[in-house]
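One structure below.
The values are calculated or read from the model by the stated rules, or taken from the named source; none is laboratory data. In this text the structure is predicted, and so the values were computed from the model without any measurement. Please note: Cβ atoms are built from the backbone with ideal geometry, for glycine as well, and neighbour counts cover all protein chains shown. Ligands, DNA and RNA are excluded from the accessible area calculation, which covers all protein heavy atoms including side chains. Shrake-Rupley method; radii C 1.70, N 1.55, O 1.52, S 1.80 Å.
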Amino acid sequence: QVHVVESGGGLVQPGGSLRLSCVASGLTFSTYRMRWYRQAPGKERELVAIITSTGTTTYADSVKGRFTISRDNAKNTVSLQMNSLKPEDTAKYYCNARLYDADYWGQGTQVTVSS
């Protein structure tokens, strides 16, 4: 059975940093393309960052230069380092593992940026 579990969310002041982590078990992690999404209240889910099985990364324009996605295949973990956080980054952040028709989601972790 596949499990995807996010952690690391919380309350942070504008300009601060947070590091989100996602552990995916029950799958061959190294072969999966991993994504971080976010969803703010009243808004559609937004793709934040992608990392392929070979380590190629892609970012939404809104986070480019501030967020960094990385993976550790030995630990079945993908991380999202978030710097220079803004109030508009406030959202629930979701981890997604995808390989062809296989598509797994975590329950999300809340990030709130507020003074």
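How about segment 1-109: which trypsin sites (Lys or Arg not before Pro) there lie in a loop by DSSP and see at most 16 other Cβ atoms within 10 Å?
43, 45, 64, 66
Could you work out the relative contact order of segment 1-99? I mean the mean sequence separation of Cα pairs under 8 Å and 6+ apart, divided by the number of residues, in percent.
Numbers: 198 pairs, mean separation 35.6, N = 99.
36 percent.
What list of ³J(HN,Hα) couplings, whole Hz, do you get for segment 23-37 from phi and the Karplus terms 6.51, -1.76, 1.60, once you set θ to phi - 60° and write x for glycine and proline?
The phi angles translate into 10, 10, 10, x, 9, 7, 3, 5, 8, 8, 7, 10, 10, 10, 10 Hz.
How many percent of the accessible area of segment 10-94 is carbon or sulfur, using a 1.4 Å probe?
48
Bins of 5 Å, beginning at zero and ending with the bin holding the largest distance: percent of Cα pairs per bin for the chain, please.
P(r) over the chain, rounded to whole percents: 2, 13, 24, 26, 19, 10, 5, 1, 0.
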